[in-house]
Every structure is written in structure tokens, then in C-alpha cells.
1. Kindly establish whether TYR411 is among the aromatic types (Phe, Trp, Tyr), modelled with pLDDT of 95 or more and more than 23 Å from the chain's Cα centre (by Cα).
2. Has the stretch 188-203 got at least one residue that is buried (at least 16 other Cβ atoms within 10 Å of the Cβ) and in contact (Cβ under 8 Å) with a residue 12 or more places away in the chain?
3. Within the stretch 265-280, how many residues turn out to be surrounded by 15 or more Cβ atoms within 10 Å (Cβ to Cβ) and not charged (D, E, K, R)?
4. When you look at ALA87, is it in contact with a Ser or Thr (Cβ under 7 Å, 6 or more places away or on another chain), free of Cβ contacts under 8 Å to residues at least 24 places away in the same chain, among the hydrophobic types (A, V, I, L, M, F, W, C) and surrounded by fewer than 17 Cβ atoms within 10 Å (Cβ to Cβ), yes or no?
5. Considering only the stretch 158-173, I want to know if a residue exists there that is in contact with an Asp or Glu (Cβ under 9 Å, 6 or more places away or on another chain) and surrounded by 20 or more Cβ atoms within 10 Å (Cβ to Cβ).
6. Every residue in the stretch 11-69 that is at pLDDT 85 or above and among the hydroxyl-bearing types (Ser, Thr, Tyr), please.
7. Would you please name the residue that is nearest to ASP378 (Cα to Cα), looking only at residues in the stretch 37-73 that are surrounded by fewer than 24 Cβ atoms within 10 Å (Cβ to Cβ) and of a type in the set (Ser, Thr, Tyr)?
8. Taking the conditions exactly as written (among the small types (Gly, Ala, Ser) and at pLDDT below 95), does SER256 satisfy them or not?
Amino acid sequence: MWIFLFVSSAFALFDETQKMGPTAGMAGAGSVLDRGGSYAAYYNPASMLLPEGKRFGLSFALVGFNSSFKPIENIVIENTATADSVAMGSVSTVYPATVGSVLGVMWQAFDWQRVTVGLVAFFPLKEIAVLQTLDAYQPVYMLYRTRGQRPQIHMGISGALTEHLSFGLGVAGGFSLTSRANVFMNTRSLSASKMSFGSTLLPKAAPFFGFYWDAGAIKTGIVGRVPLNTDNTLQLISNVKVATSSFPFDFISRSSLFYDPATIEYAISYKRGQVRLLSQLDCQFWAPAPSMSLDVEPLAQGASFQPGTPPSMEYRTIIIPRLGLEMQITDHTVLRAGYAYRPSILMRLPLGNGNYLDPNVHMVHAGSSITYGDYSFDASLFYHVLVISQITKTPLDEMEQPGQKVGSPSYMAGGGVFGVSIGISILL
């Protein structure tokens, strides 16, 4: 079982730009082929089969990342379509770093078909979780703000179907948050205001599966995942009493806190001598992604007000190519390098309503491992370049009335993410 200590990248720990272990040095190329690695319960449960003579593994990691985005200054941040006045200003692009820990466990439970079970879990260290919806109109890097600040658990089971072919099943954990608040605001003297609040956190799960084929010099594998939406529903029942009159203000709001799309990942590798070449294609189906900002709807018993109309952002299916190179330079040392390209999940630049940002990303990784017996020490670093683009807003405000949209007149989007990884592994 591998034990890794590393600093990670910009998305959630288990996301398409974040790869752990040896694949971290190859931009995730061949992640579904990481046989016997402690993170196989997430990458590809079919590859969890431990080497002959090994029964158990335990892993622990510390993770983090740092991002740097272009400043967004001197733009419209409020207007009469989204607030009660027009305001110019800046939007912060300084996002909190992700720092967390990873625990991985893998155990060959039965000799029959080498049945193996595994678990991989990520827990943020600074906060247990940051649950924050996106602003509906102001500029925000939608996949970089808080996706790394959430606990995650993946479990898997695998077995050998034939000498060369294995199969695995896994499940990814999530949750659904439902909250209700009751508020009564009293403006009279010699009276009191009051509020009560309650929340329910229900577990959710999404299955995934994988196949792994080992033919010696050539290895190949495929993983399929169903989508997982971590959603939020908030209902507010309020009353404001002024003099002798009461004004009810009731609404319900819904949003997605985190969304992991349906994904198909296919990889193949070829080894000749001391050199191994790896390639991988990841297909992510973002088109059906739900709204990531709160949709506010008035309830029938409350006062009448305009419902929230968040911008309609069109998402698309993307394909992420990955290439990796692995070279054994001594009996104990391996060098790695890799490149991947992730297109934006947005259909087009946000020139109209809304300012969700997700630039195209070039990912360059490099790493090395030193192995002695059952122990391996890993190190890698990466830099992700978010392609710079200019966002020039179209005329009229969000309601197609005379005025300027939030984000007007224009701003630049783009930046970079830097990470380093170090780790230790052991097989038992």
C-alpha cells in the first residue's frame, strides 16, 4: 500500500487536475493503471490488486495548493437590475489555499480471485468543510473557489476475472443539505425578536466501476463514473412587525454546492526497456450540471417579490488528453514527466449575463520516485497555466434595459496554479 505526503492542485482532491502518487508526476496520465497503489480505490478499483505476497496497505497524506489569478478591478459590481444602485469596484481573486489530509487503506480479504477492498478519504485541515454558493453575477472562478474544502470518501472492491483481467466496483460519498429558518423581527419597544434554525445532512452515493488489463509490456484500463450532486436547499419563514402590522417574507432557495460530472476515463501504457509511455483520455459530461448559485423562489404565503433569475450558463462535455513518460534511470530511481490539457467546461466566454470563469488549462507535471524494497519515496511538482482571455460585456443590463451589466466594461481572466508533492509509501 502506498503512503503519500504531497501538496496538491486547485480543484477538490479527487478532481481531473489532481492526481496522487506516481501519476502526480505525469499530469494524471495512466492514473487508472496505478496497480497496487493506495489511491486505486478512487482511480480505478480494478487496479487494487496487490503484488503477490502482499495483503495490506495503509496510506496517509497531507495536501495543499496555491493559486494566482489576474486581478479584476474597476468594473461594475452592482447595478439596478441586481441591487438598488450602481457601484464600481474590484472583485477579489485571492482564494484560500486548500490544506488537507488523505487516508488510504487497502486489504486483500480473500485469496479467491484475490478479492481486495479499499478506502480513500480526504479531510480538509483548516475547516471540516466550506459550503458556499457562487455569486450569481460577479466574476468568480467557479471550479477553484471552495471545491477543495470538503470531505470526500471513496470505497472500492476488486477481484481478478482472469490471469490478465480484473474488475472493480466503487462508490463515491456525498451529501444533501436541507435547512429551515424561522425569523420574527419586532420593531416595537418592550418586545423581542426571535429566530430558530435547523439543518439536515443526508448521505448520498454515486457508483463507479473499472476494468484493468495487464498483458506485460502493454497495460490498459477504463473507468466509468455516474454524476454526484452535493446540493443545498434553504427555506426561510420570516415576519417583520412594524407598529401593528406584520409583513411576511418567505422563500425557498436551491443550489448545487459541489458537482462531480459523469466521467469515462481510458488509459493505455507501453513499456520497452527502461522507458514507459502512457496516454489517457478523460471524457467529462458537464452539460447537465445544475445551477451553482442560489435560485430564490417566493412562497405563496409570503410577500410577493421578484424570484431570483441567475444567469443561464451553458456547460459542455469536454475531453482531457494526458501524456506521460516514465524512465528508470537506476535500480532504485524513476523519473517522470507529463502534460495534460483541460478545456473550459463553459460553452462560451461570459460576455452576456453572469461572470462564471473557467479558462482552458495547460498542465505541466514532473516527478521522481526512489524505491528500496517495500518502501518508496516520491516527489513531484506541477504548474497549471490558465489561458488568459478578455471579457468584454455586451450592452444593456441583465434585464435588457439601458445600463451596464455586472463586469462592465471589461476585465482579463486567467492565472496559474502551483503545487509540489512529496511522499512515502509502503507495502505490507
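1. Details: among the aromatic types (Phe, Trp, Tyr): yes; modelled with pLDDT of 95 or more: yes; more than 23 Å from the chain's Cα centre (by Cα): yes.
It is true that TYR411 is among the aromatic types (Phe, Trp, Tyr), modelled with pLDDT of 95 or more and more than 23 Å from the chain's Cα centre (by Cα).
2. First, pick out the residues of the stretch 188-203 that are buried (at least 16 other Cβ atoms within 10 Å of the Cβ): none.
No; the residues of the stretch 188-203 include none that is buried (at least 16 other Cβ atoms within 10 Å of the Cβ) and in contact (Cβ under 8 Å) with a residue 12 or more places away in the chain.
3. First, the residues of the stretch 265-280 that are surrounded by 15 or more Cβ atoms within 10 Å (Cβ to Cβ): 265-269, 271, 276-280.
Subsequent filtering for residues that are not charged (D, E, K, R) retains 266-269, 277-280.
Count: 8.
4. Working: in contact with a Ser or Thr (Cβ under 7 Å, 6 or more places away or on another chain): no; free of Cβ contacts under 8 Å to residues at least 24 places away in the same chain: yes; among the hydrophobic types (A, V, I, L, M, F, W, C): yes; surrounded by fewer than 17 Cβ atoms within 10 Å (Cβ to Cβ): yes.
Taking the combined requirement at face value, the residue does not satisfy it.
5. Initial filter on the stretch 158-173 (in contact with an Asp or Glu (Cβ under 9 Å, 6 or more places away or on another chain)): 163-166, 172.
Cutting the leftovers down to surrounded by 20 or more Cβ atoms within 10 Å (Cβ to Cβ) gives us 166, 172.
Checked against the condition, which is being in contact with an Asp or Glu (Cβ under 9 Å, 6 or more places away or on another chain) and surrounded by 20 or more Cβ atoms within 10 Å (Cβ to Cβ), the stretch 158-173 yields at least one hit.
6. The answer is SER31, TYR42, TYR43, SER47, SER67, SER68.
7. SER67
8. Values: among the small types (Gly, Ala, Ser): yes; at pLDDT below 95: yes.
The answer is yes for SER256.
The values are calculated or read from the model by the stated rules, or taken from the named source; none is laboratory data. None of the values given here were measured: they were computed from a predicted structure. Please note: Cβ atoms are built from the backbone with ideal geometry, for glycine as well, and neighbour counts cover all protein chains shown.
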